[in-house]
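Peer 1: What follows is a structure written as structure tokens; I'll ask about it next.
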């Protein structure tokens, strides 16, 4: 007879139930208002696509092809007028406060029409998430206030993430690789702040952003335990822009080189450094990895949505072609082989979407989104008058107490299981979605033949745009290993990763 202890023993050897289906656990916890809110966001994205993105997609690609130094300033101003750079900034910091998971649905819609323009919006929120990840509330309050003011006065204020280095790409995203990589961006402690030397490359929106969330390191011999995250403003002495990369896809979104030459960053713009890390419950190296997982677990789900969008765009281009094209006396869409191919493409879209949605459920309960999705706080921040929030919350966010409290909630109280779940599912969403984008781009060209190579059909653009996604936010190879590390290897003795 099977006993209770037998059942518990069996369960201990199986995958954790909470890892199996986060959406089931989230059903009763998620505020009901989020569904209506998300529907509003999708409607806004579709309107923006119809009025702005689709009419401009091919033209923007051509402009950058003809002039590699072209910057899409007009598009940035348009997106700013539509309020898209404050839509997902929490109301406690002055933004519109839409629920963060709805961003993924929005970005899928935009990417289905043009991934470059989706990135011109989405990368700003990568910077937003990076700033939030350190939970230094006075800096968050100050930078977000500038973003809100930039919307009000018509002067867009964007935020970028400055992470990748000439000699260290993926290495910067795993502490087990950091100390073996060629990390060179050094932050030297001086009176009143830090002096930074080094450079960052492939920084999306770099030339367009006002603020840059910089990953630098106090000791280049042991960067994994010496993270210094800084907020550097364009125009700072010692900071300049280098070249813009010449890219195959996503041409409309600039990939910039940022150069730091004796760049002084004052203490007020130090988001987190070894002195602050020492006050947290984990070791310096563990905290560095936690901050990276906290950020990239959420942002990789977003990249999965980018990939889903471009997979959908390629599918929709192929479907339209098949419905319009005659082959052997009948529409291509009526040939069984074409139907099978279109079904496979549609499957790729759905599976990718399910992956990023599941990752977002995990973050709503265990990661970056969880505080703002607690029902009492969600409804309070959603419906409380802005004046009341400003009166009560702003003084707290401007104080050291606010930083201490947020770090206690988000850093010290996050368990190892929660870190593994959110990081692992973020990686799953990332490589599932971006691989689907590339696959659907290839299938669209297979189905459309020579017609798929015409620029006005956009199929070849979707494939070019998708290929880049397999590289940024950690290569898909790294993300597969991260998924293994977080959700497969646990409980298996003598398993090590990143050792080859």
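Peer 1: From the set of residues in the range 205-225 that are over 22 Å from the mean Cα position of the chain (by Cα) and in a loop (DSSP other than H, G, I, E, B), which is farthest from residue 134 (Cα to Cα)?
Peer 2: Per the criteria, the residue is 221.
Peer 1: Has the range 412-429 got any residue that is under 18 Å from residue 302 (Cβ atoms), free of Cβ contacts under 8 Å to residues at least 60 places away in the same chain and in contact with a helix residue (DSSP H, G or I) (Cβ under 7 Å, 6 or more places away or on another chain)?
Peer 2: Within the range 412-429, not a single residue is under 18 Å from residue 302 (Cβ atoms), free of Cβ contacts under 8 Å to residues at least 60 places away in the same chain and in contact with a helix residue (DSSP H, G or I) (Cβ under 7 Å, 6 or more places away or on another chain).
Peer 1: Evaluate the following for residue 465: is it farther than 21 Å from residue 294 by Cβ, over 17 Å from the mean Cα position of the chain (by Cα) and assigned to a helix (DSSP H, G or I)?
Peer 2: So residue 465 does not fit the description; no.
Peer 1: Cβ contacts < 9 Å: first residue farther than 16 Å from residue 301 by Cα, restricted to the range 125-138; second residue in a loop (DSSP other than H, G, I, E, B), any location; separation 6+ or different chain. Result?
Peer 2: Hits for this filter: 132/90; 132/368; 137/398; 137/399; 138/398; 138/399.
Peer 1: I want to confirm something. Restricting to the range 81-104 and keeping residues that are crowded, with 21+ Cβ neighbours inside 10 Å and either outside the structural domain of residue 313 (by TED's automatic domain parsing) or over 19 Å from the mean Cα position of the chain (by Cα) (or both), which single residue is nearest to residue 384 (Cα to Cα)?
Peer 2: Going through the qualifying residues, I end up with 92.
Peer 1: Tell me the helices (runs of 4 or more DSSP H) entirely within the range 1-42 that contain at least 3 residues that are at pLDDT 60 or above and closer than 13 Å to residue 373 by Cβ. Outline the logic, then answer.
Peer 2: Working: elements: 4-13, 17-20, 22-26.
The qualifying helices (runs of 4 or more DSSP H) are 22-26.
Peer 1: Can you tell me which residue within the range 200-259, out of those that are touching a helix residue (DSSP H, G or I) at 6+ places or on another chain (Cβ under 7 Å) and free of Cβ contacts under 8 Å to residues at least 40 places away in the same chain, is surrounded by the fewest Cβ atoms within 10 Å (Cβ to Cβ)?
Peer 2: Looking at residues that are touching a helix residue (DSSP H, G or I) at 6+ places or on another chain (Cβ under 7 Å) and free of Cβ contacts under 8 Å to residues at least 40 places away in the same chain, I get 241.
Peer 1: Would you pick out the residues in the range 363-393 that are touching a helix residue (DSSP H, G or I) at 6+ places or on another chain (Cβ under 7 Å) and within 15 Å of residue 138 (Cα to Cα)?
Peer 2: Of everything in the range 363-393, just one residue is touching a helix residue (DSSP H, G or I) at 6+ places or on another chain (Cβ under 7 Å) and within 15 Å of residue 138 (Cα to Cα), namely 393.
Peer 1: Additional query: Somewhere in the range 316-323, is a residue in contact with a helix residue (DSSP H, G or I) (Cβ under 9 Å, 6 or more places away or on another chain), buried (at least 24 other Cβ atoms within 10 Å of the Cβ) and either within 19 Å of residue 350 (Cβ to Cβ) or in the same structural domain as residue 101 (by TED's automatic domain parsing) (or both)?
Peer 2: yes
Peer 1: Condition (residue is in a helix (DSSP H, G or I), out of contact with any strand residue (DSSP E or B) (no Cβ under 7 Å at 6 or more places or on another chain), over 22 Å from residue 289 (Cβ atoms) and in the same structural domain as residue 434 (by TED's automatic domain parsing)) applied to the range 480-496: is it met by at least one residue?
Peer 2: no
Peer 1: Quick one: which of 105, 85 is touching a helix residue (DSSP H, G or I) at 6+ places or on another chain (Cβ under 9 Å) and more than 30 Å from residue 227 (Cβ to Cβ)? Please lay out each step first, then the result.
Peer 2: On the way: 85 fails: more than 30 Å from residue 227 (Cβ to Cβ).
That would be 105, the only listed residue that is touching a helix residue (DSSP H, G or I) at 6+ places or on another chain (Cβ under 9 Å) and more than 30 Å from residue 227 (Cβ to Cβ).
Peer 1: While we're here: Tell me which of these residue 489 doesn't satisfy, since it passes every other one: (1) in contact with a helix residue (DSSP H, G or I) (Cβ under 7 Å, 6 or more places away or on another chain); (2) farther than 15 Å from residue 306 by Cβ.
Peer 2: Evaluating residue 489 over (1) in contact with a helix residue (DSSP H, G or I) (Cβ under 7 Å, 6 or more places away or on another chain); (2) farther than 15 Å from residue 306 by Cβ leaves (1) as the failure.
Peer 1: Could I ask something else about it? Looking only at the range 261-275, decide whether some residue is assigned by TED's automatic domain parsing to the domain that holds residue 362, surrounded by fewer than 24 Cβ atoms within 10 Å (Cβ to Cβ) and either touching a helix residue (DSSP H, G or I) at 6+ places or on another chain (Cβ under 8 Å) or part of a helix (DSSP H, G or I) (or both).
Peer 2: Looking through the range 261-275, none of the residues is assigned by TED's automatic domain parsing to the domain that holds residue 362, surrounded by fewer than 24 Cβ atoms within 10 Å (Cβ to Cβ) and either touching a helix residue (DSSP H, G or I) at 6+ places or on another chain (Cβ under 8 Å) or part of a helix (DSSP H, G or I) (or both).
Peer 1: Same structure, new question: Mind listing just one residue for me: the one in the range 156-204 that is over 25 Å from the mean Cα position of the chain (by Cα) and assigned to a loop (DSSP other than H, G, I, E, B) and, of those, nearest to residue 85 (Cα to Cα)?
Peer 2: Only one residue fits best here, namely 192.
Peer 1: Buried (at least 24 other Cβ atoms within 10 Å of the Cβ) and either outside the structural domain of residue 55 (by TED's automatic domain parsing) or more than 25 Å from residue 47 (Cα to Cα) (or both): does that describe residue 110? Walk me through it before giving the result.
Peer 2: Numbers: buried (at least 24 other Cβ atoms within 10 Å of the Cβ): yes; either outside the structural domain of residue 55 (by TED's automatic domain parsing) or more than 25 Å from residue 47 (Cα to Cα) (or both): no.
When the stated conditions are applied, residue 110 does not pass them.
The values are calculated or read from the model by the stated rules, or taken from the named source; none is laboratory data. The structure presented is a predicted model; accordingly, all values stated were derived computationally and were not measured. Quick reminder, even Gly has a Cβ in these numbers, built from the backbone with ideal geometry, and neighbours come from all protein chains shown.
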